[in-house]
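The values are calculated or read from the model by the stated rules, or taken from the named source; none is laboratory data. The structure displayed is predicted, hence computed values, not measured ones. We place every Cβ from the backbone using ideal geometry, glycine too, and count neighbours over all the protein chains shown. Calculation scope for accessible area: heavy atoms of the full protein, side chains included, ligands and nucleic acids excluded. Shrake-Rupley method; radii C 1.70, N 1.55, O 1.52, S 1.80 Å.
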Amino acid sequence: KAPVRVDGPGDIKPEDLREAMKKTVEALIELDHNGLFQEPVTPEIAPDYHLWVAMPMDLGTMSAKVRDGGYKSMEELGMDFLLVCANATMYNDPQTRFHKGAIELLVKGQQVLQTVMKNVVGIVVQPHHPGPHTTPAR
């Protein structure tokens, strides 16, 4: 499938970008086989969630943001996806299906996002690996 690019990296028609975002979120939702991350966490499910998670996010909210034009770039969409996974791994104990599911979703979802960024937007995303001269953040 040919990239949707118009002239060069990052130069994409808004309607093509929105379609790419829609398909990306649909692909991420398909990866969530158990439907763990498709709706907001409610107080009925996790009464103290709001105490631990400052910026809740879920795949259903991401889908609504795409529909409503809430994303200006694939990078913004990607950041929300990372937030879904980070919130789930931070809040839930490592042995829970939520934590494990978030890790699995993160790994597979990053592959989806990297493919979209390369083929649609024309950006190759390289994972960051600190070199020998990199000082860790504190």
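For segment 34-51, enumerate the residues that are free of Cβ contacts under 8 Å to residues at least 12 places away in the same chain and closer than 20 Å to I103 by Cα.
Residues of segment 34-51 free of Cβ contacts under 8 Å to residues at least 12 places away in the same chain: 35, 42-45, 47-48, 50-51.
Selection gives G35 alone.
Table: residues versus (1) under 14 Å from the mean Cα position of the chain (by Cα); (2) surrounded by fewer than 21 Cβ atoms within 10 Å (Cβ to Cβ); (3) among the polar types (S, T, N, Q).
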site	(1), (2), (3)
A54	no, yes, no
G69	no, yes, no
K72	no, yes, no
L77	yes, no, no
L82	yes, yes, no
A86	yes, yes, no
Y91	no, yes, no
Q95	no, yes, yes
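Look through T61, T115 and report the one residue that is farther than 15 Å from E39 by Cβ and either crowded, with 20+ Cβ neighbours inside 10 Å or of a type in the set (S, T, Y) (or both).
Numbers: T61 fails: farther than 15 Å from E39 by Cβ.
Only one candidate passes the filter, namely T115.
Here is the figure for segment 48-80: residues that are over 13 Å from V25 (Cα atoms) and among the aromatic types (F, W, Y) total 2. Close Cβ contacts (under 7 Å, 6 or more residues apart or on different chains) running from residues in segment 52-68 that are over 19 Å from D93 (Cα atoms) and at pLDDT 95 or above to residues that are outside any helix (DSSP H, G or I) and open to solvent by less than 50 Å² (accessible area, probe 1.4 Å) comprise L59/D32; L59/F37; K65/Y71.
Taken together, the residues in segment 16-52 that are farther than 20 Å from K118 by Cβ and over 13 Å from the mean Cα position of the chain (by Cα) amount to 18. Determine if segment 31-43 includes at least one residue that is of a type in the set (G, A, S) and surrounded by 13 or more Cβ atoms within 10 Å (Cβ to Cβ). Within segment 31-43, none of the residues are of a type in the set (G, A, S) and surrounded by 13 or more Cβ atoms within 10 Å (Cβ to Cβ).
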